[in-house]
Amino acid sequence: MKPTVLVVDDDERFRERLARAFAARGWEASAAGSGQEALEVASRESPEHAVVDLRMPEMTGLETVRALLAIDPSTKIVLLTGFGSIATAVEAIREGAIDYLTKPAEIDEILRAFERRDRDAAPPDSVPSLARTEWEHINRVLAECNGNVSQAARLLGIHRRSLQRKLAKYPVRR
């Protein structure tokens, strides 16, 4: 019997890539583009595992976690986000997620998160680098400013050109 997973992400490309990666490793993968769609799939299939994006339109990842656990409390859920913060991670765990990973998360990271039984016994495998944390913070502030670089630069306390140079760089992996 194959393990089952539901991948919930509004980014179609990422969602399909992740579902294919699970299928290639012998999992039965379903995909949903929104929290509401995920609830419909979960009601029919009751997946053992779920990977849920934090930021989605209409229904957030945290609301989706709550609703999925209301359908089946034994579902193991990993929350993914491109905008990681300690407060959100704590809230995700409080809501019932077993782990919280930042995007771009590799399939092996997600599988390790599902395999962990006792979170307190195992120290984290890695900590995001200072450069990665800075990149995430800059992009979170920019998103909150609706892409307005000048406003984001003012809020961050840096020159607009410096911010543009930082944004031109690729995201730091870890």
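We did not get these values from a lab; they are worked out from the coordinates using the rules stated. Everything quoted here is computed from the prediction, not taken from an experiment. Counting neighbours? That spans all protein chains shown, and the Cβs are built from the backbone with ideal geometry, glycine included.
Laid out as a table, the results:
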item: Helix-derived mean residue ellipticity, 222 nm - over the chain, DSSP H n ≥ 4, -39500 (n - 2.57), to 500; result: -15000 deg cm²/dmol
item: Computed magnitude of the charge dipole of the chain (debye, nearest 20; Cβ of K, R +1, Cβ of D, E -1); result: 1000 debye
item: Percentage relative contact order, region 1-58, counting C-alpha pairs under 8 Å, at least six apart; result: 47 percent
item: Rel. contact order, % - alpha carbon contacts under 8 angstrom, at least six apart, the chain; result: 15 percent
